[in-house]
1. Are there any pairs with C-beta distances below 6 angstrom linking a residue in segment 118-143 that is farther than 24 Å from R94 by Cβ to a residue that is modelled with pLDDT under 95 and open to solvent by 20 Å² or more (accessible area, probe 1.4 Å), with the two at least 6 apart or on different chains, and if so which?
2. Enumerate the pairs (first residue in segment 43-54 and within 18 Å of S25 (Cα to Cα); second residue anywhere and aromatic (F, W, Y)) with beta-carbon separation below 8 Å, excluding pairs fewer than 6 apart on the same chain, so at least 6 apart or on different chains.
3. Give segment 45-67 a look and list any residue that's outside any helix (DSSP H, G or I) and either touching a Leu at 6+ places or on another chain (Cβ under 7 Å) or on the phi > 0 side of the Ramachandran plot (or both), or say none.
4. Go through (1) surrounded by fewer than 17 Cβ atoms within 10 Å (Cβ to Cβ); (2) in a helix (DSSP H, G or I); (3) touching a residue at least 24 places away in the same chain (Cβ under 8 Å) for Y70 and report which single condition fails.
5. Residue by residue through segment 83-115, note down the ones that are of a type in the set (S, T, N, Q) and open to solvent by less than 20 Å² (accessible area, probe 1.4 Å).
Amino acid sequence: RLILEGKLDTIDISKSMRIAAGNRSSDVHSIRNLSLPLATRFEIYWLTPNLQGWLRWASTHGIRKEVMDYLTEYPNQLYCVNPDMQDFAKATPRGWERVSSLLKIGLNRKEDIAGSIGMDPALKFLAWLAQKPVKGPVNLGEL
């Protein structure tokens, strides 16, 4: 009812703006196409992850400096979705946020990181991180 009628229980919110987010089929994620009647009720905007915008957001949301520095050096890793990769996890802005959270609590094995961004990006990030002087409690453990 919320989307189709603009009502939430007995509250009429039909004059309010609603925002929904989804994925394109090319994003290699599970999707369901909207029915034509439902799709015509939306204005659709296609957004592409932007490193500078993400870094601005990250700097105010406690994202680890190591993650921001790595992505600054390798901007193509912010959103790296390869349909040929067998990993369930893909390198996305949300995945990098999780990597930061994992590092904060000391989870930094390749399996930990790969669960958020996939094995190939995790190995590249950990190899890069191993070459950097580490400040704070990050312990790389065993690669």
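1. So the pair list comes out as A130/L140.
2. T48/Y79; P49/Y79
3. Quick first cut of segment 45-67, residues outside any helix (DSSP H, G or I) only: 45-50, 60-64.
Of everything in segment 45-67, those that are outside any helix (DSSP H, G or I) and either touching a Leu at 6+ places or on another chain (Cβ under 7 Å) or on the phi > 0 side of the Ramachandran plot (or both) turn out to be P49, G62, R64.
4. (1)
5. Restricting attention to segment 83-115, the residues satisfying the condition of being of a type in the set (S, T, N, Q) are 86, 92, 100-101, 108.
Within segment 83-115, S100, N108 qualify.
The values are calculated or read from the model by the stated rules, or taken from the named source; none is laboratory data. Keep in mind the model is a prediction, meaning the values are calculated, not measured. FYI the Cβ positions are ideal-geometry reconstructions off the backbone, even for glycines, and counts take in every protein chain you see. Ligands, DNA and RNA are stripped out before the accessible areas are found, and what is left, the full protein with its side chains, is counted by its heavy atoms. Shrake-Rupley method; radii C 1.70, N 1.55, O 1.52, S 1.80 Å.
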